[in-house]
Amino acid sequence: MPDDLARWLTEHARPLDALEPGTPHGDLGPLGDALRGVRIVGLGESTHGTHEFFRLKHRLVEFLVREEGFTVLAMEASASAARALDTYVRHGTGDPARLIGRLGFWTWRTAEMLDLVEWLRAHNEGLPEERRVRFVGTDPQRCADSVAAVTAFLDRAAPERAAQVRDLTVLAQARPASRPDLRQTLVPRAEALADFIAGHRQTCAERIAAAGEDGGRKPAATVDDALEHARILVRAADLVTRSPGRPTGEDSVFAVRDRYMADAVARLVDTNPRARVIVWAHNGHIAKGTYGAGVPALGSRLRARYGDAYYALALLFGKGSFLARRGTDVHGPPLRHRIGTGTRTVEARFAQAVPGDFYVGLTTGGSPPEAARWLRSALAQRSFGANVPRFAYRFHVAPLVPAEDYDGIAFVARSTCSRVLPVAER
């Protein structure tokens, strides 16, 4: 690292007093200053299994909600299952550990996430409904709750249509591109149900009211809830029937997934002029550019749509351990993986220049020429998903142009493993 770049980083990096939630927020003032006029903050992470990332992001959520007025936490999690967790966060209904376990990913089934959800519930308790923070899932996959909700609704409102939902039960646990179909025959079936509910709102509502609640059955969803669940099924049907063989381009399954996640955030912002949204996802998703084989990230779509009202904050770490599943295993337990500081990544250079944990904004205005060039140079960052290869994960990096991909970076010197909760009974 050139001397003037190291000097710039030393001068601009702001030490983080703590990673733990519940601590005073004075050290986060520079981040608050950077968020003036921002309506959407992307909080990234270079692994899904780092304890310190969860704790720092919990602390950042506290700061953003209490001091910056953010109103929604939107997670890279099942849009279908998140609706029940939102009910817990806003109204206290349900078992939070069980509801977290239904979000569709082992990565969120952690003690750290449970702490965050309990904080959101405690924050909301006693507040007027319009001031309560919402919890929203952005990912249109793992739709068991939506299948169940639409089935129960049609059983009451339009029994003659209920059989049509059975064609969509495959969406309950399906992953993106897990059922490739060039004709995407599931999509028109899901669209037909959504169109029916949208076009027969009054009739459906009247039938449900006339049927009443009998036999101890669970109350049917409202028309609006059923319609939203049906629309989730449309997006899921599109996603799971995409071909896995097209890794690039706007029609690839990866690009479609990020587009749907960006659209979910946009709906939150566009339907409520007072909404300010925290987006929790991997660094690759919140980036303002592309990831993988040139896939437009959800952050790039938000930046294109909202300009500087979107702020991308990446989370990186120096060395330590993290959890991830091994290879292509989608059912086994996440395992501990270790990695040193290394020498060739941006993380290694940060660790060399500034000891400890810190936040740094990546604006290049007024920076020395060498620093400005470095911030706009092609570099490498670590990037680990929910699964990593058995041995080669140590060499797994992603391209990075710091000032173009992110607006700021929060750096954690040492990573330890997140704490996975036991699988709750369904």
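Shown here for the range 258-330: trypsin sites (Lys or Arg not before Pro) in loop regions (DSSP other than H, G, I, E, B) with at most 12 other Cβ atoms within 10 Å, namely R274. With θ taken as phi - 60° and the Karplus curve 6.51 cos²θ - 1.76 cosθ + 1.60 applied, the whole-hertz 3J(HN,Hα) list for the range 320-329 is x, 9, 7, 9, 6, 6, 9, x, 9, 5 Hz, x standing for glycine and proline. Here the accessible area is traced with a 1.4 Å probe on the protein chains. For the range 132-211, carbon and sulfur cover 49 percent of it. Think of a 1.4 Å ball rolled over the protein heavy atoms: the range 99-245 then has 45 Å² of accessible area per residue. The trypsin sites (Lys or Arg not before Pro) of the range 1-93 meeting both criteria, a DSSP state outside H, G, I, E and B (loop) and at most 13 other C-beta atoms within 10 angstrom of the site's C-beta, are R36.
Between R305 and V423, the FRET efficiency from the beta-carbon distance, with R0 = 51 Å, is close to 0.85. Computed per residue of the chain from DSSP H runs no shorter than four, each worth -39500 (n - 2.57), the mean residue ellipticity at 222 nm is -12500 deg cm²/dmol.
Rounded to the nearest 10 degrees, the angle from helix 253-270 to the longest Cα principal axis of the chain is 80 degrees. By its C-alpha gyration tensor, with a ≥ b ≥ c as the square roots of the eigenvalues, how is the range 282-395 shaped: rounded for a/c under 1.5, else prolate for a/b larger than b/c, else oblate? Since a/c reaches 1.5 but b/c is at least a/b, the shape of the range 282-395 is classed as oblate. Computed over the range 21-101, the range of Cα coordinates on each principal axis works out to 37, 26, 22 Å, biggest value leading.
Share of antiparallel DSSP beta bridges in the chain, in percent to the nearest 5? List each step's numbers first, then the result.
Numbers: 19 of 45 bridges.
DSSP beta bridges in the chain are roughly 40 percent antiparallel.
Three principal axis extents of the chain based on alpha-carbon atoms, in descending order, are 75, 49, 40 Å.
For R338 and D270, the FRET efficiency from 1/(1 + (r/R0)^6), where r spans their Cβ atoms and R0 equals 51 Å, is about 0.70. Taking a ≥ b ≥ c as the square roots of the eigenvalues of the Cα gyration tensor, the range 289-354 is oblate, since a/c reaches 1.5 or more and a/b is not larger than b/c. Over the range 342-426, with every protein chain in place, what whole percent of the accessible area is carbon and sulfur at 1.4 Å, could you tell me? Roughly 55 percent of what the probe reaches on the range 342-426 is carbon or sulfur. With both labels modelled 7 Å from their Cα along Cα-to-Cβ, the R175 to A210 distance reads 4.6 nm. Computed with a 1.4 Å probe over protein heavy atoms only, the accessible surface of the range 267-380 comes to 44 Å² per residue. In terms of the Cα gyration tensor, with a ≥ b ≥ c the square roots of its eigenvalues, is the range 152-281 rounded because a/c is under 1.5, prolate because a/b exceeds b/c, or oblate? Oblate is the answer for the range 152-281, as a/c is 1.5 or above yet b/c matches or exceeds a/b. Each label point was placed 7 Å from the Cα along the Cα-to-Cβ direction; for T222 and R201 their separation is 1.2 nm.
The values are calculated or read from the model by the stated rules, or taken from the named source; none is laboratory data. Since the structure is predicted, the reported quantities are computational estimates derived from the model, not experimental observations. Don't worry about glycine lacking a Cβ; one is built from the backbone with ideal geometry, like all the others, and counts go over all protein chains shown. Keep in mind that these areas ignore ligands, DNA and RNA; they rest on the heavy atoms of the full protein, side chains included. Shrake-Rupley method; radii C 1.70, N 1.55, O 1.52, S 1.80 Å.
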